[in-house]
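Chemist: Encoded as structure tokens, here's the structure I'll be asking about.
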Amino acid sequence: MRGVKLSRVSAVLLSLGLTFSFVNAAGAVDSDCMPTPTLSQAKQITNQSLGSGVTAKAWRWYPGSDARLSWLSPLGTKVSVASGNLRNIDLGIVYANLPRTQNLDMLSNTSFSALATVNGDYLDSYGPWNSMITGGDMIYAPTGSSGVLGMVEHQVNPTKGYRSTGTITVGSSVFRVTGVNQLKPGAESVVLYRNNFIYALPPKGDATFVFKNSKLIKVYPYGRAVAKSVGTVVQVRGTLAAKVRKLLVNSKVKFSLPEAPKTETRLVADTLRTVGSVSSNSNTLTFDSLNYNMLSATGATLFDNNFSEVTRAGKITLRILPDTLGRLVVKNVYRQGYFTRVDSGGFIVQANGEAAVAAARFKAGDIVTISRSYKSSSQAKFINAAGRGARMVQGGKFVWICGQHRSDYRPRTAIGWNEDGQIWFMTSSLGADADDNGFRQGGSTPDQMGHWLQSLGATEVVLLDGGGSTTMQIRDPEDGWQRFDLPDSAWYRGLANAFTLELK
């Protein structure tokens, strides 16, 4: 099926006497991408509130012609979505003791505040492929750079936009504001652009109105990028656009807005690497990984109490423990390397190559300090973060190149978000339990996931681990945790970590 062009797709459908609508990327269509049926074509089988504005929705194409004629797996496809907004919730990370894995049912039950969970990073026998940060601290990092998705406390620059509340009343019509001066608003939004907006022209909405001196002076029924110098510009997207089209010029306008916040939580996709050191008065050893059991051939790895297994031995091993005054002291220097567990409250350093030369200069009794941090491409400081796959949508543009990736139908997992603070967890799956011998089937192609999330309003999308790892759970207000991508009877795979939508 790979490489089918849309013109050929249209011809096939016309020959069958059928017409379908598809979701396509903005701009040019990649001819290697599969057509993506709209979610409205499928039967919606779930629409449930989980509390705090979090909803769980699911759509299904049933096995056979229903799925096959929609350019999906003939085995059937279920698309499951849990969504909420950072106004009411946070993005969290749950994980087992490193490098252990745990299934999502067990991980979900470790969080008292989570309302929905979805599988996270890719993994192998050494642990997750990418770094993890919880509570602002890096707790795990492989050697080199890794891609992460996480939540940051963003310093608001009012000229570049922020989430907001408030109302705009035009005659008898009331609009609830979702943002001010936002560069890339979501699909359902009411954004007010003031004269301090960073650009002369605000981005165009589905409908636009402009007011000045408490009077409505312009209405553009199908949207227009109007210069901020004309007046206060309001860009409306989604279902409320129809309401704008009924407004009358010269109507009286009143609006109320709270002050701009100093910070707001946002999601950021980034790339980062470990920056850390162990230092005494006379010696410094840098390390380039944290709690990662595939030791670097030339660097050093720091292990702490997040690591629950026996560490592999480097060329030189340092065992560090706190003394009675709380100072960190080198207790042992193993010059032939040593397989060992981390002592309670202590640290182990395993060094090879050039790092082993620096480690060998330490001696028992040295008082040391340990510094561990990270550098990210965007200089973001994360509250929570875990590993991600490739970016599919960036800045509202579909950036996934289908010809460079596999396009078979498999269970998939992705996360989408936008500047309004909306977050979507999405999985595609068979939708039914099956005797599949440990190899999940059904689902979708990756690009279809990206297009579905765009259609829901996401302007940013990243792919996560899929196949047998794809799993989503929701917390039913009455019945507690239940599997959402597949029936509860389906088997679970051990996961490196999981993302959560959780109460603030």
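Chemist: Mind computing the radius of gyration and Dmax over the alpha-carbon atoms of region 69-220? Å is fine for both.
Modeler: Rg and Dmax of region 69-220, Cα atoms, are 22.0, 65 Å.
Chemist: Quick one: if the Förster radius is 41 Å, what FRET efficiency do Lys218 and Lys504 give, using the C-beta to C-beta distance and rounding to 0.05? Working shown, then result.
Modeler: Values: r = 39 Å, r/R0 = 0.94.
Computed FRET efficiency for Lys218 and Lys504: 0.60.
Chemist: Can you tell me the dipole magnitude for the chain around its Cα centre, using point charges on the Cβ only (Lys, Arg +1; Asp, Glu -1), in Debye to the nearest 20?
Modeler: Roughly 1920 debye, rounded to the nearest 20.
Chemist: Oh, and also: What do you get when you divide the Cα radius of gyration of region 411-504 by 2.2 N^0.38 Å, with N the number of residues? List each step's numbers first, then the result.
Modeler: On the way: Rg = 13.8 Å, N = 94, 2.2 N^0.38 = 12.4 Å.
Against the compact-globule rule of thumb, the ratio is 1.11.
Chemist: Give, rounded to the nearest 20 debye, the magnitude of the charge dipole that region 158-261 has about its Cα centre when Lys and Arg contribute +1 at Cβ and Asp and Glu contribute -1 at Cβ. Show your work: numbers first, answer last.
Modeler: Working: 17 positive and 3 negative charges, 43 e Å.
It comes to approximately 200 debye.
Chemist: Given the alpha-carbon gyration tensor of region 175-278, what are the semi-axes of its equivalent ellipsoid in whole angstrom, ordered largest first, with each equal to the square root of 5 times an eigenvalue? Display every interim value, and only then the final one.
Modeler: On the way: eigenvalues 219, 44, 32 Å².
Ellipsoid semi-axes (Å, largest first): 33, 15, 13.
Chemist: Oh, and also: Do the sum for the chain: with -39,500 (n - 2.57) for every DSSP H run of n ≥ 4, divided by all residues, what is the mean residue ellipticity at 222 nm, to the nearest 500 deg cm²/dmol? Don't jump to the answer; show the numbers that get you there.
Modeler: Details: 6 runs with 41 residues, N = 504.
Computed mean residue ellipticity for the chain: -2000 deg cm²/dmol.
Chemist: Another question, if that's okay. Which Cα, out of Gln102, His154, Ser189, lies furthest along the positive dipole direction of the chain (beta carbon charges, K/R +1, D/E -1)?
Modeler: Ser189
Chemist: Would you mind counting up the charge near Val333? Only other residues with Cβ under 11 Å from its Cβ, with Lys and Arg at +1 and Asp and Glu at -1. Let's see the in-between values first.
Modeler: Numbers: positive: Arg319, Lys331, Arg335, Arg361, Lys363; negative: Asp366.
Result for the local shell: +4.
Chemist: How big is Rg to Rh over the chain, alpha-carbon atoms, Rh as the Kirkwood inverse-mean-distance radius?
Modeler: Details: Rg = 26.0 Å, Rh = 25.0 Å.
Ratio of gyration radius to Kirkwood radius: 1.04.
Chemist: With Kirkwood's inverse mean 1/r over C-alpha pairs for Rh, give me the Rg to Rh ratio of region 267-376, two decimals please.
Modeler: Values: Rg = 13.4 Å, Rh = 13.9 Å.
Result for region 267-376 is an Rg/Rh of 0.97.
Chemist: Helix 446-456 versus the longest principal axis of the chain: what angle, 0 to 90°, nearest 10, using Cα atoms?
Modeler: With rounding to tens, the tilt is 50 degrees.
Chemist: How much length is gained if the chain between Gln155 and Ser229 is pulled fully straight, taking 0.36 nm per residue apart and subtracting their Cα-Cα distance, in nm to one decimal? Please report the intermediate quantities before stating the final value.
Modeler: Working: separation 74, 0.36 × 74 = 26.64 nm, distance 2.65 nm.
In short, 24.0 nm is gained.
Chemist: How large is ³J(HN,Hα), in whole Hz, for each residue of region 142-152 in order, when computed from phi with the Karplus curve 6.51 cos²θ - 1.76 cosθ + 1.60 and θ = phi - 60°, using x for Gly and Pro?
Modeler: For region 142-152, the Karplus-derived couplings read x, 5, x, 8, 9, x, 9, 10, x, 9, 10 Hz, x marking Gly and Pro.
Chemist: Taking the Cα centre of each part, how many Å lie between region 233-274 and region 459-504?
Modeler: 31 Å
Chemist: In whole percent, what relative contact order does region 299-354 give with Cα contacts below 8 Å and a gap of six or more residues? Can you show the working numbers first?
Modeler: On the way: 125 pairs, mean separation 28.5, N = 56.
Over region 299-354, the number comes to 51 percent.
Chemist: Across region 388-394, in residue order, what do the Karplus-derived ³J(HN,Hα) couplings come to in whole Hz, using 6.51 cos²θ - 1.76 cosθ + 1.60 with θ = phi - 60° and x for Gly and Pro?
Modeler: In residue order, the calculated couplings are 10, x, 5, 7, 9, 10, 9 Hz.
Chemist: Remind me, relative contact order of region 158-261 in percent, using alpha carbon pairs under 8 angstrom and six or more residues apart? Before the final figure, lay out each step's value.
Modeler: Values: 266 pairs, mean separation 32.2, N = 104.
Worked out over region 158-261, it gives 31 percent.
Chemist: What lysines sit close enough to Lys78 to cross-link, taking a C-alpha to C-alpha distance under 28 Å and skipping anything fewer than 8 places away on the same chain?
Modeler: Cross-link targets: Lys5, Lys43, Lys57, Lys397.
Chemist: Over what distance in Å are the Cα centres of region 409-456 and region 67-94 separated?
Modeler: Using only Cα atoms, the two centres lie 5 Å from each other.
Chemist: Something else now. Please arrange Arg361, Arg176, Arg87 by counting, for each residue, the other beta carbons lying within 10 Å of its beta carbon, fewest first.
Modeler: Result, fewest neighbours first: Arg176, Arg361, Arg87.
Chemist: Can you give me the distance in nm between label points at Asp137 and Lys243, each placed 7 Å from the Cα along the Cα-to-Cβ direction?
Modeler: Distance between label points: 4.7 nm.
Chemist: How many angstrom lie between the Cα centre of region 176-222 and the Cα centre of region 303-377?
Modeler: If you average the Cα positions of each part, the centres end up 56 Å apart.
Chemist: Related question: Using the structure shown, select from Lys204/Lys243; Lys160/Lys375; Lys184/Lys504 the pairs with a Cα to Cα distance greater than 19 angstrom.
Modeler: Numbers: Lys204/Lys243 17 Å; Lys160/Lys375 24 Å; Lys184/Lys504 25 Å.
Violating the 19 Å Cα-Cα cut-off are Lys160/Lys375; Lys184/Lys504.
Chemist: Please name whichever of Ile45, Val310, Gly431 sits farthest to the positive end of the charge dipole of the chain, dipole taken about the Cα centre and charges placed at Cβ: Lys and Arg +1, Asp and Glu -1.
Modeler: Of the candidates, Ile45 comes out farthest on the positive side.
Chemist: Towards the positive end of the charge dipole of region 158-261, with charges on Cβ (+1 Lys, Arg; -1 Asp, Glu), say which of Thr167, Pro202, Val226 has the farthest Cα.
Modeler: About the Cα centre, the residue reaching furthest to the positive side is Val226.
Chemist: For Lys218, go through the aspartates and glutamates and keep the ones whose alpha-carbon is under 20 Å away, minus same-chain ones fewer than eight residues off.
Modeler: Here the aspartates and glutamates satisfying the reach criterion relative to Lys218 are Asp206.
Chemist: Counting alpha carbon pairs within less than 8 Å and at least 6 residues apart, what relative contact order, in whole percent, applies to the chain? Provide the component values of the computation, followed by the final result.
Modeler: On the way: 1390 pairs, mean separation 115.5, N = 504.
About 23 percent, as a whole number.
Chemist: State to the nearest 20 debye the size of the charge dipole of region 267-376 about its Cα centre, where the only charges are +1 on K and R beta carbons and -1 on D and E beta carbons.
Modeler: The calculation lands at about 240 debye.
Read-outs throughout are calculated quantities, based only on the coordinates presented, and are distinct from any laboratory measurement. What you see is a predicted model; the values in this text were computed from it and never measured. Counting neighbours? That spans all protein chains shown, and the Cβs are built from the backbone with ideal geometry, glycine included.
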